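FYI, it's all coordinate maths here, none of it is from the lab. Source: prediction; values computed, not measured. Note that we place each Cβ from the backbone using ideal geometry, even for glycine, and neighbour counts take in every protein chain shown.
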Amino acid sequence: MPRMLDVSDEVRAEIGDEEADRLLAGETAPGSYDCTSCRTPGDSEQERTSTVLFIGDETAVLAFAHAGCLPSQVVQVTEEQLQGAVKSITGDTVDLEPDKVVPEQAVLGVTSGLVLIGGELHPALVVEPTAPIARPGTTGAAGDDFLPLLIEQGFMPLAELSAVPPVLHGWSVLLAVGRLHAVLQPGSNGGQPVAWWQAHQPLQVTEGWRAAANKHQQVLMFAAPVGSIGRQPREDLLRDALDKAAANGQLVGAALPLAGT
């Protein structure tokens, strides 16, 4: 049965037209899967699904994600990252080299939504990785340093969402032609800003979100460790998840100036 799969040109170029066509025809793609972004179940027969190709020096593994969580893209995996915890190939991935396995590569899942603070709606981005983030240079069974690393960059721990977090100068959110392109961070030694996160394909945001961003000229960015927020289909549920993460000491945030329109 044909699948509702998104196979980007970049992924198709890597896996070849024959494999891409077999996926789209449903010959090699699973019906149900665990989203590689939010880790909740998905069904490629019922909902749009992105193909995400992880590539190492000798390994290529195709995983699946809700199209609302991640666009179809290619993710490069370094040898250092291949030394982490190994993820066996299961029913939610297609192993392009059956004798090999790949670790669960952390991908930053980004969700946009409007958050009510002080009686006013603010545009927000919620960032949650798909796996623990280790401090660069660490090896072995390292912990999750995602929030400590962001706090070192100037993000503030939030115990509740009762006020807009402080502006983090040097960081910004890039919007162009009404679509979300990237979160930018300061370049090294005062150089040009560089992408901390970049959409493989510009992400569509709602008219209300864009209007709020243009009104405030800033976007609130919240970040939480893997498993704290999950994929929330409605903004009220997203807010509930944010409040819970904050109460559990698992949320940081900042207001990032808007770049573009």
**Asked** What is the extension gain from residue 206 to residue 243, computed as 0.36 nm multiplied by their sequence separation minus the C-alpha to C-alpha distance, in nm to one decimal?
**Response** 11.1 nm
**Complete:** Scoring only Lys, Arg, Asp and Glu (+1, +1, -1, -1) among other residues with Cβ under 12 Å from the Cβ of residue 147 yields -3
**Asked** Arranged by the count of other C-beta atoms within 10 angstrom, fewest first, what order do 229, 55, 133 take?
**Response** 55, 133, 229
**Item:** Neighbour-count ranking [beta-carbon atoms within 10 angstrom, fewest first] of 144, 17
**Value:** 17, 144
